[in-house]
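Student: Please read through the structure below; I'll follow up with questions.
Values quoted throughout were computed directly from the atomic coordinates according to the rules given, and no laboratory measurement underlies them. Fair warning: this is a prediction, and the values are worked out from it, not measured in the lab. Note that we place each Cβ from the backbone using ideal geometry, even for glycine, and neighbour counts take in every protein chain shown.
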Amino acid sequence: MKTFYLLLLCICCRVAVTAHTVQVNFTPVFGSQILKPGQTHYHTSTADSIRIEVCRFYISHIKFMHDKNVVFDAAAQVYLIDMADTVSQQLQFTLPDGVNWNAISFCLGTDSATNVSGALGGSLDPANGMYWAWQSGYINFKLEGSSPRCTARKHEFQFHLGGYASPFATLQQIRLDCVQSSNINVVCDTAKFFDYTDVKTTAAIMSPGARAVELSVAAAGLFAVKP
Amino acid sequence: MRKSTLILGLLGVVILAFRSWNPGPATPAHFPKPVYDFARNPLRSETVQLGRALFYDPLLSVNNGISCASCHSQYNGFAHADHALSHGIFDSIGTRNAPALMNLAWQKSFMWDGAVNHLDVQALAPITHPKEMGETLNGVIKKLNASVIYPSLFYNAFGDSAITGQRVLLALSQFQLTLISANAKYDSVKAGKAVFTPQQQRGYALFKTHCNTCHREPMFTTGAFSSNGLPVDTTLNDYGRGAITHRSADSLLFKIPTLRNIEFTYPYMHDGRFTRLSQVLNHYTSGIVPHKNLPAELQKPISLSPEEKVDLTAFLLTLTDKKFLYNPAYSYPKEIFSRGRRNPASLSSQ
């Protein structure tokens, strides 16, 4: 009987815990400008104009952290963030009240288990254009556009970064410190991407390999919390 | 009384649970456990039928001209007879021999180089390849939505008529998972229902000595990749697995194919260079070109007398499964396609 009351107490406590919503916005930007399809941006370090047509990426394994501890794990969902779809950029989480956190942690890309699980649905449906047909696996980060500096056909560049198998695994773990709030703004600054690679020499990465790994590490560095 | 009713009731629930929990096809007794996880995509006859319709429908290609079955014909063990390299839209010729499709639930990776890691996503490769079907998954979905028959086929298969990329792929998998070949004479012998002729028996002994390491029974493949000493065709320069893993140890390695129904899956090898079984045997006895990735088994040529080659061939012919090759459940689904007026695009190519 004692156990029963204890159990009842636990259930009551559990019900009594109220929750609140935390929205995490992932906004693709170019420097200080919000990315919009077809807009031309000026890249200072190469003195070049860059037009971004496509910027899409997967965000997974989102966790709210307090110092080194995970205090809330929202890992189940994989989000496809698309510069052309503002709704896709607004991720909402229901956190129990009283949880203290000072960082968020997430992965850029899809994990290897996801990559070997066959045909998946929702954000992971291969029809979303983020899946490689010829060599199985998700494209974790896709950036396409054009620049006069790029010598490829029509001055177009295409970076499709992905690959899950060792030694060319591209999944990136990112941790960003932040001040606890119901609204967190994370930017993905694509301008920085062109500090790491020159479209004049490399206009396309479309398959897993050493370059895809290097540029994925660079892509992870594009993310920052905007106060 | 109450207790026994409860127990009986519970037992009933358990039995019912097991009865409905039959996600995969019956596994032949002498086969190992399937690799495919049927719990994630439990077979339903309606979904299998949808997959069969998709498999035979040229709507999957950009010009509505080529279906999966164009290069995977049932009477050839779902390989492509007489065509060394796969054919595609607008008379394109690909770079590899269309492989035979059977016992796919036991296959760990797909394509000659293992580039595809799961049966569900295999179809994406031929659908989108510019020299095969040249379509996009979204293009296929659009055409399926516009067709007369497919929304109801998807409804029957999935409980609502939404057509998604995932559902197209899962249905294609379901049909292909039913393509099980386990009724060859070899299988009857294993089941104790038939006996080999003396010649077949001699051939079986030779097979076990010379071939079974790679073409391991009862699947007649280990599913691994290997070099078999074929010189590179310089018009193709296909290095197989090496191009996927970027490892020199994988250069010139190709998937070991099953030998089941080999009588009908000609031409042979990844580039279809051999049209007859005798050429294949001659390659292993006198055609192997040394290569750093040649496996130990092939370091020394296989020695077979002309009589032994005949015996070995006699055994290989016991892997022909007529029930599989002529199973009406795998054939062109006339009854599905005649149910509704086809959309004109796919009708024109029938």
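Student: Report ³J(HN,Hα) in whole Hz for each residue of region A:222-227, in order, from the Karplus equation J = 6.51 cos²θ - 1.76 cosθ + 1.60 where θ = phi - 60°; Gly and Pro get x.
Tutor: 7, 8, 8, 7, 9, x
Student: Let me ask something additional. Suppose the chain between B:Glu335 and B:Thr234 were pulled fully straight at 0.36 nm per residue; how much longer would it get relative to their current alpha carbon spacing?
Tutor: 31.8 nm
Student: Exposure proxy check: B:Thr285, B:Thr234 ranked by fewest other beta carbons within 10 Å?
Tutor: B:Thr234, B:Thr285
Student: Mind jotting down the distance between the C-alpha centroids of region A:80-100 and region B:289-318, whole Å?
Tutor: Using only Cα atoms to place each centre, the spacing works out to 61 Å.
Student: List the residues whose amide H sits under 5 Å from the amide H of A:Gly162, counting only those 5 or more places along or on another chain, with H placed 1.01 Å from N in the peptide plane.
Tutor: Those lying under 5 Å, H to H, from A:Gly162 are A:Asn140.
Student: Moving on. Please arrange A:Asp97, B:Asp321 by how many other C-beta atoms lie within 10 Å of their C-beta, fewest to most.
Tutor: By the 10 Å Cβ count, ascending: A:Asp97, B:Asp321.
Student: Continuing with this model, one more query. Calculate, for B:Ala81 and B:Lys323, the FRET efficiency according to 1/(1 + (r/R0)^6) with r their C-beta to C-beta distance and R0 22 Å; round to the nearest 0.05.
Tutor: So, using R0 = 22 Å, E works out to roughly 0.70.
Student: For chain B, what class follows from the C-alpha gyration tensor (a ≥ b ≥ c being the square roots of its eigenvalues): rounded when a/c is under 1.5, otherwise prolate if a/b is larger than b/c, else oblate?
Tutor: Oblate.
Student: Relative contact order of region B:185-320, please, whole-number percent, based on alpha carbon pairs below 8 angstrom and at least 6 residues apart.
Tutor: 33 percent.
Student: Oh, and also: Averaged over peptide A:134-141, how many Cβ atoms belonging to another chain are found within 10 Å of each residue's Cβ?
Tutor: Average neighbour count from other chains, rounded to a whole number: 5.
Student: Quantify how strongly other chains surround peptide A:107-118 by giving the mean number of their Cβ atoms within 10 Å of each of its Cβ atoms.
Tutor: 2
Student: Using θ = phi - 60° and the Karplus relation 6.51 cos²θ - 1.76 cosθ + 1.60, list the HN-Hα couplings for region B:215-232 in order, rounded to whole Hz, with x at every Gly or Pro.
Tutor: 8, 6, 6, x, 7, 6, 6, 8, x, 7, 10, 7, 8, 10, x, 6, x, 5
Student: Under 14 Å from a label point 7 Å along Cα→Cβ of B:Lys300: give me every residue in region B:210-232 with its amide N that close.
Tutor: Within reach of a label on B:Lys300: B:210.
Student: Roughly how many nanometres apart are two label points built 7 Å out from the Cα toward the Cβ at A:Arg175 and B:Ser278?
Tutor: 7.0
Student: Give me B:Glu46, B:Glu135, B:Glu335 ranked fewest to most by other Cβ atoms within 10 Å of their Cβ, as a rough exposure proxy.
Tutor: Least crowded to most crowded, the residues run B:Glu335, B:Glu46, B:Glu135.
Student: How many nm separate the modelled label positions at A:Trp134 and B:Ser248, each set 7 Å beyond the Cα in the direction of the Cβ?
Tutor: About 2.4 nm separates the two model spin labels.
Student: Now for a different question. Quick one: which residues, 5 or more positions from A:Ser136 or on another chain, have an amide H under 5 Å from its amide H? H modelled 1.01 Å from N in the peptide plane, none for Pro or chain starts.
Tutor: Under 5 Å from the amide H of A:Ser136 lie the amide H atoms of B:Val116, B:Asn117, each far enough along the sequence or on another chain.
Student: What aspartates and glutamates could a cross-link reach from A:Lys192, if we take a straight Cα to Cα line under 20 Å and drop same-chain neighbours fewer than 8 places away?
Tutor: Filter leaves A:Asp48, A:Glu53, A:Asp82, A:Glu144, A:Glu156, A:Asp177, A:Glu214.
Student: Right, another one. Run the quick spin-label model on B:Arg216 and A:Asn183: label points 7 Å from Cα toward the beta carbon, then report their separation in nm to one decimal.
Tutor: Those two pseudo-labels are separated by 6.1 nm.
Student: Is there a pair in B:Lys208/B:Lys255; A:Lys36/A:Lys154; B:Lys185/B:Lys292; A:Lys154/B:Lys143; B:Lys33/B:Lys255 whose C-alpha atoms are over 26 Å apart, and which pairs would that be?
Tutor: Over 26 Å Cα-Cα: B:Lys185/B:Lys292; A:Lys154/B:Lys143.
Student: Rounding to the nearest 20 debye, state how big the charge dipole of chain B is about its Cα centre with +1 on each Lys and Arg Cβ and -1 on each Asp and Glu Cβ.
Tutor: Roughly 1020 debye for chain B.
Student: Okay, moving on. With a Förster radius of 22 Å, plug the Cβ-Cβ distance of B:Val148 and B:Asn63 into 1/(1 + (r/R0)^6) and report the FRET value to the nearest 0.05.
Tutor: After rounding to 0.05, the efficiency reads 0.65.
Student: What residues qualify as long-range amide H neighbours of A:Asp48, i.e. H under 5 Å apart, gap of 5 or more or another chain, H built at 1.01 Å from N?
Tutor: A:His43
Student: Answer rounded, prolate or oblate for region B:72-155, using the Cα gyration tensor with square roots of eigenvalues a ≥ b ≥ c: rounded when a/c is under 1.5, else prolate when a/b is larger than b/c, else oblate.
Tutor: Note, shape of region B:72-155 comes out prolate.
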